[in-house]
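Trainee: If you scroll down you'll find the structure; I have some questions about it.
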Amino acid sequence: ILNVEQSPQSLHVQEGDSTNFTCSFPSSNFYALHWYRWETAKSPEALFVMTLNGDEKKKGRISATLNTKEGYSYLYIKGSQPEDSATYLCALQGGKLIFGQGTELSVKP
Amino acid sequence: DGGITQSPKYLFRKEGQNVTLSCEQNLNHDAMYWYRQDPGQGLRLIYYSQIVNDFQKGDIAEGYSVSREKKESFPLTVTSAQKNPTAFYLCASSPLGVTEAFFGQGTRLTVV
């Protein structure tokens, strides 16, 4: 079983704080790393799909980096807003798509 | 509208009964996946399929079965052999290759 670890498990921040989460994985035997946002009562939606070591993606206030050699990816949120409250999932794609347990973010106004 | 449809949203069954969860997509995606979520845990892969009439076990396939007779459909049967079937089940699909997956709304199964 490919073990994808996410930390922290949960995070509580104030509006305006910047924050980051970690996704770590032991293997380089995959060809893409995904980040998804899962809001309550909705379906998970993709944020980024990254393929290369050193790949960096950005969408508005959210960005992600990937270091396949060291086995981790970071997701950054700059200036958190209450609407950013959600569970953030990372997943490794290598034929099948394996998810970590997620980081639950709560942003207080 | 294009998308993935899971039905029903809520499902109740008596212990010992088999139950089938529906997943249909009209996105013309080749790959389809079934995941299970339990409280405090992430998404765990049950089965996946990349082509019609072929599927592979995920990490927790015991007690489940699937079929992929049509590209659009990937039903999941929760059998009586599944020890703890009560959970939230999510279906997803994607094109082949490096691309995002799209998810259904999920089915919450309660076995009493």
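Trainee: For the pair A:N3/B:R13, report the inter-label distance in nm, with labels modelled 7 Å from Cα in the Cβ direction.
Mentor: So the two model labels end up 3.2 nm from each other.
Trainee: Quote the convex hull volume per residue of the stretch B:1-93, based on C-alpha atoms, as a whole number of Å³.
Mentor: Looking at the stretch B:1-93, the number lands at 95 Å³ per residue.
Trainee: Please identify which residues in the stretch A:75-102 have an amide N closer than 14 Å to a label point set 7 Å out from the Cα of A:K58, following the Cα→Cβ vector.
Mentor: A:76-79
Trainee: Using only C-alpha atoms and all pairs of different ones, pull out the Kirkwood radius for the protein assembly as shown in Å with one decimal.
Mentor: Kirkwood hydrodynamic radius for the protein assembly as shown: 17.9 Å.
Trainee: A further question on this structure: Express the relative contact order of chain B as a whole percentage, based on alpha carbon pairs under 8 Å and six or more residues apart in sequence.
Mentor: Value for chain B: 35 percent.
Trainee: Normalise the Cα radius of gyration of the stretch A:1-47 by 2.2 N^0.38 Å (N = residues in it) and let me know the number.
Mentor: Here the Cα radius of gyration is 1.41 times the empirical estimate.
Trainee: Quick one: 3J(HN,Hα) in Hz for the stretch A:71-86, Karplus 6.51/-1.76/1.60 with θ = phi - 60°, rounded, Gly and Pro as x.
Mentor: Each residue's phi maps through the Karplus curve to give x, 8, 9, 10, 10, 10, 10, 8, x, 3, 10, x, 6, 7, 4, 4 Hz.
Trainee: Then there is this: Where the Cα atoms of chain A are projected onto their three principal axes, how long is each span, largest first, in whole Å?
Mentor: Each principal axis gives a Cα extent; for chain A these are 41, 27, 20 Å.
Trainee: Fewest to most neighbouring Cβ within 10 Å: what's the order for B:F88, A:F48?
Mentor: Listed from fewest to most nearby Cβ atoms, that is B:F88, A:F48.
Trainee: Given the convex hull over the Cα atoms of the stretch A:55-105, what projected area results after averaging over all orientations, in nm²?
Mentor: With the hull built on Cα positions only, its mean projection is 4.2 nm².
Trainee: While we're here: For the stretch A:50-109, what's the relative contact order in percent, using C-alpha pairs closer than 8 Å and at least 6 residues apart?
Mentor: Rounded, it is 23 percent for the stretch A:50-109.
Trainee: Place a label point 7 angstrom from the Cα of B:V112 along the Cα-to-Cβ direction, then list the residues of the stretch B:6-25 whose backbone nitrogen is under 15 Å away.
Mentor: Correct set: B:10-17.
Trainee: Now for a separate question. Neighbouring Cβ atoms within 10 Å as the yardstick, rank B:W34, A:W38 fewest first.
Mentor: Ordered by Cβ neighbours within 10 Å, fewest first: A:W38, B:W34.
Each value in this text was obtained by applying a stated rule to the coordinates, not by laboratory testing. As the structure is a computational prediction, the values presented were derived from the model and not from experiment. With ideal geometry, Cβ positions are generated from the backbone for all residues, glycine too; neighbour counts draw on all protein chains shown.
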